[in-house]
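Student: Below you'll find the structure I mean.
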């Protein structure tokens with residue numbers, strides 16, 4: 001399994017407070033081992049999922065054992081960012 005952090009997600013991660021960055025990084029590391037109950041498929045999108053980490057969301061694309069982290073952001077902003085990116 002391979003995890004790819006896209007540049008936009010990396011930039012957003014740097015803007016988040018250090019304490020939350022650590023929690024998000026831990027979640028990203030265990031993403032391939034996490035159960036299907038923790039991930040939610042975003043409705044209206046193909047192969048796009050999200051995972052909650054406190055007030056933040058990790059939006060990723062999962063294809064053939066490759067996890068591409070697309071966006072990381074606050075829960076109130078992330079869904080607008082997803083709409084702008086994928087539509």
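Rule-based calculations on the coordinates, nothing more; no lab input. What you see is a predicted model; the values in this text were computed from it and never measured. Note that each Cβ is placed from the backbone with ideal geometry, even for glycine, and that neighbours are counted across all protein chains shown.
Student: Using the 10 angstrom Cβ neighbour count as an exposure proxy, how do 20, 47 rank, fewest first?
Tutor: 47, 20
Student: If you average 1/r over every pair of different alpha-carbon atoms in the stretch 2-86 and take one over that average, what Kirkwood value in Å do you get? Write down the numbers at each step before the final one.
Tutor: Numbers: mean 1/r = 0.0780 Å⁻¹.
Radius from the Kirkwood sum: 12.8 Å.
Student: Further, regarding this structure: With a cut-off of 8 Å between alpha carbons and a minimum separation of six or more residues, what is the relative contact order of the chain in percent?
Tutor: The normalised contact order for the chain reaches 32 percent.
Student: Among 68, 34, 43, which one moves the most in a GNM of the chain with springs linking Cα atoms closer than 10 Å?
Tutor: Its mean-square fluctuation being the largest, the pick is 43.
Student: Also, quick follow-up: Any chance you could check the Cα centroid distance between the stretch 45-84 and the stretch 1-32 for me, in angstrom?
Tutor: Distance between centres, Cα-based: 11 Å.
Student: Can you give the extra length, in nm with one decimal, that the chain gains between residue 25 and residue 85 once fully stretched, where that is 0.36 nm per residue apart less the Cα-Cα distance?
Tutor: The span from residue 25 to residue 85 would gain 19.4 nm if fully extended.
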